[in-house]
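Colleague: Mind having a look at this structure? Questions to follow.
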Amino acid sequence: QVQLVESGGGSVRAGSSLRLSCAASGPTFRSLTMAWFRQAPGKEREFVTTIIYSGGIYYTDSVKGRFTISRDNAKNTVYLQMNSLKPEDTAVYYCAGAYFLQPGTRRNDYNYWGQGTQVTVSS
């Protein structure tokens with residue numbers, strides 16, 4: 001069983017930056033494709049970005065050029081660097097993982113989820 005724990009959320013002004021972290025339990029992190037989703041109030045949970053276990057990164061169009069996903073397999077951690085934040089980025093951000101997934105942008109593609117971390121961007 002994989003446990004995911006997010007951290008790094010907060011309240012910032014538009015144009016600011018935040019870095020989210022997601023720490024995973026277990027020795028097989030390098031086999032996990034990891035992703036970030038987000039859910040704004042009253043909206044469906046949506047895909048943000050994924051980093052595939054074997055390489056390859058995908059972003060949803062609204063965050064391209066502003067957000068960067070990365071992973072450190074030695075630390076069992078995936079990161080989301082968020083720059084030039086906008087009020088529409090306000091949401092609960094969730095870390096997700098799935099073994100050997102190639103690639104996945106749907107919620108149902110992922111087996112493991114963190115508890116979420118709140119990101120609030122004010123104008």
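The values are calculated or read from the model by the stated rules, or taken from the named source; none is laboratory data. Values in this document were obtained by computation on a predicted structure and should not be read as measured data. Cβ: placed from backbone, ideal geometry, glycine included. Neighbour counts: every protein chain shown. Just so you know, the surface numbers come from the protein's heavy atoms only, side chains and all, with ligands and any DNA or RNA stripped out. Shrake-Rupley method; radii C 1.70, N 1.55, O 1.52, S 1.80 Å.
Colleague: Stokes-Einstein D for segment 16-83 at 37 °C, 0.692 mPa s, Kirkwood Rh over Cα pairs, in µm²/s?
Modeller: It diffuses with D of about 260 µm²/s by this estimate.
Colleague: Taking the Cα centre of the chain as origin and charging only Cβ (+1 Lys, Arg; -1 Asp, Glu), how large is the dipole, in debye to the nearest 20?
Modeller: 120 debye
Colleague: In addition: Heavy atoms only, 1.4 Å probe, whole protein assembly: order THR33, THR120 by accessible area, highest first. Don't skip to the end; give the middle numbers.
Modeller: Details: THR33 0, THR120 50 Å².
Final ranking, largest accessible area leading: THR120, THR33.
Colleague: Then there is this: For segment 1-43 and segment 46-98, what is the separation of their Cα centres, given in Å?
Modeller: 8 Å
Colleague: Still on this model: Can you tell me the length gained on complete extension of the stretch VAL5 to ASN108, counting 0.36 nm per residue apart and subtracting the Cα distance? Kindly include the intermediate steps, with their values, before the conclusion.
Modeller: On the way: separation 103, 0.36 × 103 = 37.08 nm, distance 1.92 nm.
This chain segment gains 35.2 nm when fully extended.
Colleague: OK, next. Taking a cut-off of 19 Å, what percent of all Cα-Cα pairs in the chain are separated by more than that?
Modeller: In whole percent, the long-distance tail amounts to 40.
Colleague: Using heavy-atom solvent-accessible surface (probe 1.4 Å) with all chains present, what is the largest-first order of ASP109, ASP61, ASP89?
Modeller: ASP61, ASP109, ASP89
Colleague: So what is the accessible area of the chain per residue, in Å², with the probe set to 1.4 Å?
Modeller: 50 Å²
Colleague: How large, in percent, is the carbon and sulfur part of the accessible surface of the chain at a probe radius of 1.4 Å? If you can, show how the numbers build up before the last one.
Modeller: Details: 2810 of 6190 Å².
It is 45 percent, rounded to a whole number.
Colleague: Could you pull the accessible area for TYR112 with a 1.4 Å probe, rounded to 10 Å²?
Modeller: Ignoring ligands and nucleic acids, TYR112 comes out at about 40 Å².
Colleague: Indicate, rounded to the nearest 5 percent, the antiparallel portion of the DSSP beta bridges found entirely in the chain.
Modeller: 90 percent
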